[in-house]
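The next block holds one structure in the form of structure tokens; read it before the comments.
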Amino acid sequence: MYVQFRDLGLKLSNIQIQILEFLKLRAMYGYEIIQNFQEFGITLNTAILYPALKKLEERELIESYKSEQARGGKQRKNYILTKKGFSFIQSLYDMSFVPDLYLEQFQPEIDMIKDKVSKLEDLLVINGINFLDARELLRTKFIFTKIPNSIEFIRYFDFKSTNNLKPKDLIFVNFPFFIHFEITDSVFDYLIDLFTKIKRILKQNGEILILDLYWDRNAISDYFTFLIAGQVKKMGFTINEMKDLLLNQLGFSNFNIFKKEKGVVLFSITLR
């Protein structure tokens, strides 16, 4: 309702996509979802809601469980996003105007990245599915006019088998932390799964470059939250939270910040 959605092959209706958006906030039962639609001025009845929920479950984007709360003697059925659902809803945003607004602040660091790339036989770029397409990012005037053939791209929600990926000296990850309405277990599980897979294809002493947004008062995180959700809450990760997850929980080392600018951060980590 606030953004233009791109359905990446699952052929979902706008109602189904908006249900996923609501469940990104927290688990909800049917009537709560209807109430959320009403807050946006949309009347949704159960004849539309429950078939939509059933299809989302069939596609394994959500799952249901019985709540301890009871209504009319029956346990309420709650719905929650699965990892697949979380990955999918993150993949829908395309705000490709951002590089011109913000990446010009990073020109010296971008030149550094280009220099690294020119010295490598191959580079893996993990697409920023929850922000913009990595190919579009690399095609901006600030990076490559023509993308080198040595660069391989993959997307979070369709991570290739490690058997198909050679060990890499450098992996460039766009916006893995991004902005979230709240930091839930699903978010942590998603990130731990992602970086565990990355560790499997990173050479010892290899480097991961990460371009991301970080939580900062009045930073662009606030703007995008308002744009997407019409509200601003505590969301996204602080830089210290990123550092703690990557170093203390996932076992990377050498958290090195190259630059922070207006809510955008470029940093690197290495494999111990």
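The values are calculated or read from the model by the stated rules, or taken from the named source; none is laboratory data. Keep in mind that what you see is a predicted model, and the values were worked out from it rather than measured. Note: ideal-geometry Cβ built from the backbone for every residue, glycine included; neighbour counts use all protein chains shown.
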Could you check the range 108-144 and list, in sequence order, the residues that are surrounded by fewer than 16 Cβ atoms within 10 Å (Cβ to Cβ), modelled with pLDDT under 85 and acidic (Asp, Glu)? Glu121, Glu136
Could you please let me know if Phe181 is modelled with pLDDT of 85 or more and in contact with a helix residue (DSSP H, G or I) (Cβ under 9 Å, 6 or more places away or on another chain)? no
Can you pull out every residue in the range 24-69 that is touching a strand residue (DSSP E or B) at 6+ places or on another chain (Cβ under 8 Å) and among the polar types (S, T, N, Q)? Asn36, Ser64, Ser67, Gln69
Answer yes or no: is there a residue in the range 15-35 that is surrounded by 15 or more Cβ atoms within 10 Å (Cβ to Cβ), at negative phi, at pLDDT below 80 and touching a helix residue (DSSP H, G or I) at 6+ places or on another chain (Cβ under 9 Å). yes
Report yes if some residue within the range 161-174 is at negative phi, modelled with pLDDT of 75 or more, among the β-branched types (Val, Ile, Thr) and surrounded by 18 or more Cβ atoms within 10 Å (Cβ to Cβ); otherwise report no. yes
Members of the range 19-47 found to be assigned to a helix (DSSP H, G or I) and either free of Cβ contacts under 8 Å to residues at least 24 places away in the same chain or over 21 Å from Ser186 (Cα atoms) (or both), listed by number: Phe22, Tyr31, Glu32, Ile34, Gln35, Asn36, Phe37, Gln38, Glu39, Thr46, Ala47
State all residues of the range 48-99 that are assigned to a helix (DSSP H, G or I), modelled with pLDDT under 90 and not β-branched (Val, Ile, Thr); if no residue qualifies, say none. Lys83, Lys84, Gly85, Phe86, Ser87, Phe88, Gln90, Pro99
Taking the range 204-238 only, how many residues are modelled with pLDDT under 90, surrounded by 13 or more Cβ atoms within 10 Å (Cβ to Cβ) and within 30 Å of Leu120 (Cα to Cα)? 4
Does Leu194 satisfy the condition of being modelled with pLDDT of 85 or more and part of a strand (DSSP E or B)? no
Does any residue in the range 134-146 that is under 13 Å from Lys114 (Cα atoms) come within less than 9 Å, Cβ to Cβ, of a residue that is basic (Lys, Arg) and in a helix (DSSP H, G or I) six or more places away or on a different chain, and which pairs are these? Ile143/Lys114; Phe144/Lys114
